[in-house]
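To start, the structure under review is shown below, and the notes come after it.
None of the figures in this text is laboratory data; all of them are computed from the coordinates on show. All values reported here derive from a predicted model rather than from experimental measurement. No Cβ is skipped: glycine too gets one built from the backbone with ideal geometry, and neighbour counts run over all protein chains shown.
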Amino acid sequence: MQYSYLVVDNDEENGKETSKKINEFSEFYCIGTAIDTIEAVNKVLEFRPQLIFLNLKDDSKPSKSFALIAQLNQYLNILPYFICIADNQEFAFDAIKFGVLDYLLRPLEEPELRKCLFRFKKKIADSGYTNNAVNLQAAFLNVSNQMQLNESDFDRTDAGLQKNEVDIQICIKSYGDYQFIALKDVVYLKADNNTTDFHMQNGKKLTAYKTLKHYENNLPSFFYRIHNSYIVNSNYVSRINTGKLLCYLDNNEISVSFSKTFKENIDTIIRKIAPEYL
């Protein structure tokens, strides 16, 4: 299994060096680096990394150091895991309060980094990726109920929060009709003016009265927007033809177009499925 990550460091060269060390572990691939919170938010929303390495500076305040978590809580219901990197233990207690997964000291030592990455993989396997969203949101927002999304037609069931990310269930509401579906069964989504069609693996089509942009900002990390009209479930991608700008799904039974605007998402899908070919 491949895991995607983002490095956030205001020293670009230092960020690249961090990425180089992580890339020595073949299961992890970097979707990019960011030098500030604004750039990091944009890259997280675009590429949906599963893991973020956040560099902490001694001369910054905790509220500034962890601003990225605060920002992402405004847009995402499923947050990436965070691993902090610092020169000392100064922010360790604040990191715990913000629900980060781990706290590493510079310079990064291979044994400690290896153990950290294994903890990350174990966390996903044991408790599911979605539990991190609950931990981080509860730490920052301090609300009594974090098991429902802000949008009424995109609610996860309580049971879904205890499962792996691919087992999340959502509710598509159409007037008084509530349809519960598993995201793992969604092959792709297609925009239809201000509504969105969910195309399921069993051939059915369900219509939700929200825009594709709404779902782009809320779906788990294995969904990628590849066109103004399409979001695909990368688990169903079976072929990509960059010459014809076509993405084939569900054992080549379905083909949808992708645009050059979202070419980086296509490259990310290829890196995820077959990193050796990029």
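List of remarks:
- The simple spin-label model puts a point 7 Å past each Cα toward its Cβ; for GLN179 and GLU24 those points are separated by 5.0 nm.
- In nm, spacing of pseudo-spin labels at SER259 and ASP192 (7 Å Cα→C-beta vector): 2.0
- Hypothetical label at ASN228: residues of the range 175-215 whose amide nitrogen lies under 19 Å (7 Å Cα-Cβ projection): 189-197, 210-215
- Length gained when the stretch MET1-GLU39 is fully extended (0.36 nm per residue, less Cα-Cα span): 11.0 nm
- Ranked CYS84, CYS30, criterion: other C-beta atoms within 10 Å, fewest first: CYS30, CYS84
- Cα gyration tensor, the range 3-141 - rounded (a/c under 1.5), prolate or oblate: rounded
- Basic side chains Lys and Arg get +1 at the Cβ, acidic Asp and Glu get -1 at the Cβ, and with that the dipole of the range 185-225 about its Cα centre reaches some 40 debye.
- Sorted ascending by nearby beta carbons within 10 Å, beginning with the fewest, LEU51, LEU79, LEU246 become LEU246, LEU79, LEU51.
- Neighbour counting of Cβ atoms within 10 Å sorts the residues SER65, SER26, SER259, fewest neighbours leading, into SER26, SER259, SER65.
- LYS121/SER238 FRET efficiency (R0 25 Å; Cβ-Cβ; nearest 0.05): 0.45
- Three-way shape label, the range 64-122, alpha-carbon gyration tensor, a/c 1.5: oblate
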